[in-house]
1. Filter the range 109-126 down to the residues that are crowded, with 19+ Cβ neighbours inside 10 Å and within 14 Å of the chain's Cα centre (by Cα) and list them by number.
2. Please determine, by comparing only the residues of the range 4-50 that are at pLDDT 90 or above and among the β-branched types (V, I, T), which one is surrounded by the fewest Cβ atoms within 10 Å (Cβ to Cβ).
3. Cβ-Cβ below 7 Å, separation at least six or inter-chain, first residue in the range 127-147 and surrounded by fewer than 16 Cβ atoms within 10 Å (Cβ to Cβ), second acidic (D, E): which pairs?
4. Condition test on L94, is it within 16 Å of G9 (Cβ to Cβ) and either surrounded by fewer than 19 Cβ atoms within 10 Å (Cβ to Cβ) or at pLDDT 95 or above (or both)?
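The values are calculated or read from the model by the stated rules, or taken from the named source; none is laboratory data. A quick note: this is a predicted structure, and the numbers were derived from the prediction, not measured. Note that we place each Cβ from the backbone using ideal geometry, even for glycine, and neighbour counts take in every protein chain shown.
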Amino acid sequence: MTIISVIVGSTREGRFSEMPAKWILQHLKKRERVDARLLDLPIFRCRSSIRCNAGHAGRPPSRTKWFRMDRCDRAVRRFVFVTPEYNYGPSAVLKNAIDWVYPEWNRKAIGFVSYGSAMGARSVQQLRETAIELQLAPIRSSVHIPVATLWAPLPRGGRRGRTG
């Protein structure tokens, strides 16, 4: 069984990232032997950076709950980050969530779907470097959604707020 987690890279109300994330999830669920999941991001806080970076012993309970993954799990795990580009980089909440998990990321494949200024290419570039440092295996290709798509009219009954 392959578990593919689609991670929504923004927490803004009315965010665009939910649209492509749900579309990806819908198509993944059609595949046999794939357990597709949609993950929203939490914001992790800690009073002491020493305590925050203490590894498994010091991790907050919400970290495990968000990630829903045990190191002993035998399933093959893959990830897709759907990320905006804010100020030439990924959202702070996405980077924060990535930094809270380390051993669980190791040797897992990751793909990127991005949008925003320059179609999100700069946020993907930064995320690739972070992914490599965390021993993830980024795939070569990524999907970059043009900014015109963000401004396109929604289907009847659709709603879009900010483009985050």
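1. I110, G111, F112, V113, S114, Y115, G120, S123, V124
2. Across the range 4-50, the extreme among qualifying residues is V34.
3. Partner pairs satisfying both residue conditions: none exist.
4. Taking the combined requirement at face value, the residue does not satisfy it.
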